[in-house]
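Let me begin by presenting the structure, written as structure tokens, before commenting on it.
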Amino acid sequence: MSTTLDAPPAVAGARPSPARRRQKPRRDRAGYLFLLPWFAGMLFTVIPFFASLYLAFTDYNLLNAPRWIGLGNFTEMFGDAVWVQSLKVTFVYTFVSVPLSLAAALGVAMVLNRGVRGLALYRAVFYLPSLLGGSVAIVLLWKYVFGLDGIVNGFLGWFGIDGPGWTSDPDYALTTLIVLHVWTFGSPMVIFLAGLRQIPVMYYEAAAMDGASRWRQFRSITLPLLSPIVFFNLIQSLISSFQTFTQGYVMSGGAGGPANSTMFYNLYLYQQGFSQFRMGYAAAMAWMLLVIIAAFTALNFLTARYWVHYDN
């Protein structure tokens, strides 16, 4: 009777066999082949990327050759009252609309996660505004709804309330755009819903047996296990909000009014670059926006260790 001996297990740190070493370059070539379209597309962005960096330190109006002025564009920004106003508008819009939008998305996702009949239909209905929220047609519709004679004021008129011109009053114009952003919570909602489906039900059952309230279950189970998805949606929403342009452009007709109340950063950048042909100043503004977004993104990553919990 003959016996067969099993092959000895691989030892950690042992050199791979020649066959495995020959297979590795083949796998690498396949990976680079799939990355090739991305590398090809990157060639069309690398040149404009460094060109804009150079133009940020020049005075350039598209007609004459760029003239090097060093940090002149950047120092001019801090004395530009409209630039400061655009930064303020963008900050208010971002830090008010993003938390409200994520809260609405999480709330609706938790309701749908309870096993609502026709889940696919509701998910599509709530997701649709996120696809159309930044379009010109939806912003025009929003402008009509909140106009002086719009649907909102018509509804308030039934109760004897004389509503303001929501889009023409500096005190309310930005608020209407924040409401529009909150209304388009569909994209993070779908991601939240997928994350909620991954939380084991046994955790909630064990907590309920121990007498934990729904609020305690949400705070001790849902939020910690969902924190990586909250972090992802936060980063995505933060970057998207800082880049807002269409809403302010359409709502104000490209002027940023009334009284610069909807003068978003990108809208002012567009005015400088394509209305006043100050391409050097616009490039400097673009790089300053990149620094701002990178700073807030880095801040989120630095603080994530204190509230984002992963399985490992």
Query raised in the report: Looking at P188, is it touching a His at 6+ places or on another chain (Cβ under 7 Å), on the phi < 0 side of the Ramachandran plot and assigned to a helix (DSSP H, G or I)?
Result: no
Report summary line: Selection from segment 120-169 of residues in a loop (DSSP other than H, G, I, E, B), more than 16 Å from G253 (Cβ to Cβ) and not hydrophobic (A, V, I, L, M, F, W, C) yields G133, G134, S135, D149, G150, G160, D162, G163, P164
Query - Where R114 falls short, out of the listed (1) in contact (Cβ under 8 Å) with a residue 40 or more places away in the chain; (2) surrounded by fewer than 14 Cβ atoms within 10 Å (Cβ to Cβ); (3) of a type in the set (D, E, K, R) - result: (1)
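Condition check ((1) more than 15 Å from W83 (Cα to Cα); (2) in contact with a strand residue (DSSP E or B) (Cβ under 6 Å, 6 or more places away or on another chain); (3) assigned to a helix (DSSP H, G or I)) across all residues:
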{"position": "S240", "(1), (2), (3)": "yes, no, yes"}
{"position": "M251", "(1), (2), (3)": "yes, no, yes"}
{"position": "G256", "(1), (2), (3)": "no, no, no"}
{"position": "A259", "(1), (2), (3)": "no, no, no"}
{"position": "L269", "(1), (2), (3)": "no, no, yes"}
{"position": "G273", "(1), (2), (3)": "no, no, yes"}
{"position": "A284", "(1), (2), (3)": "no, no, yes"}
{"position": "V291", "(1), (2), (3)": "yes, no, yes"}
Query - Selection within segment 174-188 - out of contact with any helix residue (DSSP H, G or I) (no Cβ under 6 Å at 6 or more places or on another chain), among the hydroxyl-bearing types (S, T, Y) and touching a residue at least 24 places away in the same chain (Cβ under 8 Å) - result: T176
Query - So A103, is it assigned to a helix (DSSP H, G or I) and closer than 26 Å to I199 by Cβ - result: yes
**Report entry** Criterion (closer than 27 Å to V139 by Cα, surrounded by fewer than 20 Cβ atoms within 10 Å (Cβ to Cβ) and free of Cβ contacts under 8 Å to residues at least 60 places away in the same chain) met by exactly one of S213, S275
**Finding:** S275
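Laboratory data are not the source of any read-out in this text; all were calculated from the coordinates shown. Keep in mind it's a predicted model, so treat the numbers as computed, not measured. Cβ atoms come from the backbone with ideal geometry, glycine included; neighbour counts cover every protein chain shown.
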